[in-house]
Every structure is written in C-alpha cells, then in structure tokens.
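Student: Provided herewith is a single structure, encoded as structure tokens, for subsequent inquiry.
The values are calculated or read from the model by the stated rules, or taken from the named source; none is laboratory data. Every value quoted in this text rests on a predicted model; they were computed, and no experiment measured them. Glycine gets a Cβ as well: all are built from the backbone with ideal geometry, and neighbour counts include every protein chain shown.
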Amino acid sequence: MFVRPPAPSCPAGPTHGAGHARGLCPSRRPVTPARLLSNDGPQPTSRKLRRATCARSTTRRDFLLAAAAAAPCTCAVCLAQTQAGKDAYKRFFAQALATTMDEYEERVGPRKAALLGSNLAALAAAAGRSPSRRLAVLDLGVGAAPNAPYLVAVPGMGRVTGVDPNPFMFPYARARAADAGFLVACGEGTEDGGDDASASPSHRPTFTTVRAAAEGLPFPDASFDAVVCTLVLCSVTSVQDTLAEAARVLRPGWRFLFSEHTAAGWSEAPLIRAAQALFDPLQQALADGCHLTRDPEAGLAAAPGLRLVEVERFTVPGMAFIGPHVAGVAVKKE
C-alpha cells in the first residue's frame with residue numbers, strides 16, 4: 001500500500017497566522033532574477049521538493065532566454081542593419097569608389113569623352129543658346145564625379161547637378177569637380193531644375209550636389225537638357241522607375257546618355273556570364289547593390305518615355321566581370 005510522505009514542515013512553524021493557512025508562508029522568499037540565477041540552498045530531499053526545484057530551473061532557463069532575446073546582437077550582420085552600421089558602410093563605399101576606380105576611368109575614358117562630348121556639344125549647337133543661357137545637365141548617380149572632366153570641357157555647359165543617395169560621396173564629388181574647373185556650390189544645392197541654368201558671372205559652369213534616389217528625383221518636369229547615367233542602372237532598386245524619372249525631368253526631344261556594365265552574352269562569353277551569375281550575390285553585398293547580370297539595354301528598350309537611337313556594346317579590357325559594357329543615346333519621346 002502506498003503511503004504519502006508527510007508534507008515538509010514550515011521552518012517558521014505552524015503558528016504564524018492565516019497567511020500560512022492560505023499557503024502564503026512568509027518564509028517563502030519572492031522569486032527574483034538574482035535568486036533564479038543562484039544555486040545556493042539545501043538540496044531537495046523529497047519528491048515534491050525535487051519537482052519544485054525542477055520548476056525553478058525551468059523558470060531560470062526561461063528567464064535567461066528572455067534576457068538573451070532582449071539584448072541587442074553585436075554580430076557583424078546585425079550591426080550592419082543599424083543606422084550607424086549603414087552610415088559606416090556608405091562612408092567606406094564612398095571612399096573606396098573615389099580611390100579605386102582610376103584604372104577603370106583611364107580605360108573607359110576615351111569612349112565616355114566621345115559619348116558625352118559629341119552629344120552635349122551637338123545639343124548646345126542645335127539649341128543656338130546664348131552665353132547667358134547654357135546647358136543644364138543632370139548627372140544621375142554622380143558618385144565621386146568621374147564625369148566632371150568630360151562635362152566641363154563641353155562648350156556651352158552651364159550647370160551640372162549631381163544626384164546621389166549617398167551623401168558621403170559629395171565631398172569627393174565636389175573636390176573632383178573643382179579640380180576639373182567647375183565653380184562648385186557650397187553644401188547641397190536646392191532641389192531646382194535647369195530652367196535657370198545660366199552660366200556664372202565668370203562664365204564658368206557650376207556644379208551642385210543634391211541628395212536623392214534615382215527612382216524619386218526632386219525636380220520639376222522637363223528641367224534638364226540632358227541626363228547622364230554611367231554605372232548607375234546596375235545598382236538602382238528599380239531600373240524602370242529610374243528611367244521613367246529620367247524621362248520625366250528631360251525636355252522633350254533631348255537626350256539620355258548612358259554607359260553601363262552589362263551581363264555578358266551566353267554565346268559570346270559563356271565563362272564570364274557563368275562567373276557573373278555565380279558572383280552576383282556577393283557583388284550585391286559588397287558593392288552597394290550592384291548587379292552583374294543586369295542588361296540595361298533591355299530596360300531602355302522597354303522604357304515608355306525614351307526611344308533608343310544609338311547602342312554600342314564593347315568590352316573594357318582588364319575589368320573581369322564588369323568588362324562587358326553597353327553605351328549609347330536615348331531620346332525623350334515628344
């Protein structure tokens with residue numbers, strides 16, 4: 001026959017009032033975090049006390065799990081998601097872009113100079129503009145302003161507005177623009193378009209930076225005579241939204257000039273195309289969302305507000321996965 005063991009006696013004795021009768025023994029200390037984490041006290045001797053100790057251990061484990069969940073994670077992945085982490089990455093990427101692209105610019109420079117110089121000079125000549133009313137150009141995704149030397153050399157250049165979502169690019173962009181010969185505005189410019197694209201009193205073209213995403217440009221419709229887009233469509237969130245915005249701020253009949261790296265053709269360069277597909281996720285993580293497998297020509301052909309009039313495909317030597325390029329001209333539809 002099973003005999004239930006006697007209940008353990010209260011250390012304070014049975015005479016301390018009604019609280020003991022209700023199970024509220026004053027000798028039972030409240031459960032606190034410090035007590036949950038402690039293992040002091042006598043070992044349980046009865047089955048009931050062992051069950052109580054097991055319950056206390058479970059409560060301690062739950063407490064520790066809750067505390068761990070509430071504490072901020074300090075791993076590199078989680079830190080990168082904080083605002084401080086994002087700013088640190090943007091600052092690092094701006095410095096890297098400003099200091100590591102000289103070789104690329106040296107190799108692609110002659111083609112960019114021909115593309116930008118000939119088209120923008122033709123625009124200025126066709127418009128028959130006076131010295132007081134010159135070209136207004138939007139440099140989309142200006143970065144560290146690698147296009148500044150080509151733009152400042154265009155006859156009739158009035159104002160270049162450089163747009164970028166990364167404000168840490170702007171010190172590098174302003175410095176390069178000043179070295180190229182622009183009159184650089186201090187700080188960020190107003191969210192104004194090109195209707196007042198007059199030359200400065202010294203007849204030097206001006207350079208202004210504006211912080212904005214390519215998918216949401218803060219300028220009125222038909223604000224610019226030309227939009228320049230170099231190494232931008234690979235990293236924007238939406239190619240179609242970017243092209244729609246570029247078409248919106250262009251004057252009807254004026255030009256969108258682009259030079260972009262592109263996906264290699266499977267038939268022309270299967271090894272490079274396979275490598276692009278393999279390393280595309282890593283490229284996006286390291287290069288601010290840059291996609292190796294995008295084809296800007298396909299996006300431009302589908303853009304409702306633009307009409308492709310000139311396309312050239314070529315390979316920049318020594319540039320590995322970003323060697324395949326496409327460049328050309330699109331015109332805003334009337």
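Student: Could you list all residues from region 230-254 that are closer than 18 Å to residue 119 by Cα and either touching a helix residue (DSSP H, G or I) at 6+ places or on another chain (Cβ under 7 Å) or among the hydroxyl-bearing types (Ser, Thr, Tyr) (or both)?
Tutor: Scanning region 230-254 gives 230, 254.
Student: I would also like to ask the following. Quick test for you: out of 256, 224, 207, pick the one residue that is at pLDDT 95 or above, surrounded by 23 or more Cβ atoms within 10 Å (Cβ to Cβ) and closer than 16 Å to residue 299 by Cβ.
Tutor: The match here is 256.
Student: A follow-up question, please. Considering (1) assigned to a loop (DSSP other than H, G, I, E, B); (2) touching a residue at least 60 places away in the same chain (Cβ under 8 Å); (3) surrounded by fewer than 18 Cβ atoms within 10 Å (Cβ to Cβ), say which one residue 264 fails and leave the rest.
Tutor: Among (1) assigned to a loop (DSSP other than H, G, I, E, B); (2) touching a residue at least 60 places away in the same chain (Cβ under 8 Å); (3) surrounded by fewer than 18 Cβ atoms within 10 Å (Cβ to Cβ), the lone unmet condition for residue 264 is (3).
Student: Give region 117-149 a look and list any residue that's surrounded by fewer than 23 Cβ atoms within 10 Å (Cβ to Cβ), part of a helix (DSSP H, G or I) and either modelled with pLDDT of 95 or more or at positive phi (or both), or say none.
Tutor: Scanning region 117-149 gives a single hit, 149.
Student: Of all residues being part of a loop (DSSP other than H, G, I, E, B) and free of Cβ contacts under 8 Å to residues at least 40 places away in the same chain in region 159-189, which is surrounded by the fewest Cβ atoms within 10 Å (Cβ to Cβ)? Just the residue, please. Outline the logic, then answer.
Tutor: Taking region 159-189 as the starting set, the residues that turn out to be part of a loop (DSSP other than H, G, I, E, B) are 165-166, 181-182, 189.
Remaining after also requiring free of Cβ contacts under 8 Å to residues at least 40 places away in the same chain: 181-182, 189.
Working: 181: 15, 182: 25, 189: 17.
Among those that are part of a loop (DSSP other than H, G, I, E, B) and free of Cβ contacts under 8 Å to residues at least 40 places away in the same chain, it is 181.
Student: Can I ask one more? Being among the small types (Gly, Ala, Ser) and at pLDDT 95 or above is the filter here, so list the residues in region 150-167 that pass it.
Tutor: 162
Student: Before we move on, is residue 287 within 30 Å of residue 88 (Cα to Cα), out of contact with any helix residue (DSSP H, G or I) (no Cβ under 7 Å at 6 or more places or on another chain) and surrounded by 13 or more Cβ atoms within 10 Å (Cβ to Cβ)?
Tutor: Answer is yes for this residue.
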